Amino acid sequence: MPVTVVAQVQVRPDHEQAFQKAAEELVRYVTDYEPDTLMYVLHRSTSRPGKFLFYEVYADEAALARHGSSEAMQKFFAKVRSMLSGAPEIETYLELAGKR
């Protein structure tokens, strides 16, 4: 059963470009090396400066666990942790119905 994650972060002022660059590198890694990650999309808020959102869909819980424990994720958070103005807000959802 697919698992969806919505993760939001608030980036400190003057760190938006560096965060976006690091996040885009992570998206490229996920696209190239995580076949069970079905969707991994980075968004930037149009109304709140420094607010970013990741919309992620995984084939199953195991794919989510692999992503979360990957070396790429560890490196990403090590790089951006000081850029954030708080902890990420992460919500996990189970897919019930929809069109793909």
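For this structure, a couple of remarks:
- Of all the criteria given as (1) of a type in the set (A, V, I, L, M); (2) under 25 Å from M1 (Cβ atoms); (3) surrounded by 11 or more Cβ atoms within 10 Å (Cβ to Cβ), the one not satisfied by A97 is (3).
- Among the residues of the stretch 1-25, those that are more than 17 Å from I90 (Cα to Cα), modelled with pLDDT of 95 or more and of a type in the set (A, V, I, L, M) comprise A18, A22.
- R100 meets the stated requirement of being in a loop (DSSP other than H, G, I, E, B), modelled with pLDDT under 95 and not small (G, A, S).
- Only one entry of E16, E89 meets the criterion of being exposed (fewer than 12 other Cβ atoms within 10 Å of the Cβ) and not β-branched (V, I, T), and that entry is E89.
- Matching helices (runs of 4 or more DSSP H) fully within the stretch 1-87 where at least 3 residues are closer than 26 Å to G98 by Cβ and in contact (Cβ under 8 Å) with a residue 40 or more places away in the chain: 16-33, 61-68
The values are calculated or read from the model by the stated rules, or taken from the named source; none is laboratory data. In this text the structure is predicted, and so the values were computed from the model without any measurement. Every residue, glycine as well, gets a Cβ built from its backbone with ideal geometry; the counts of neighbours run over all protein chains shown.
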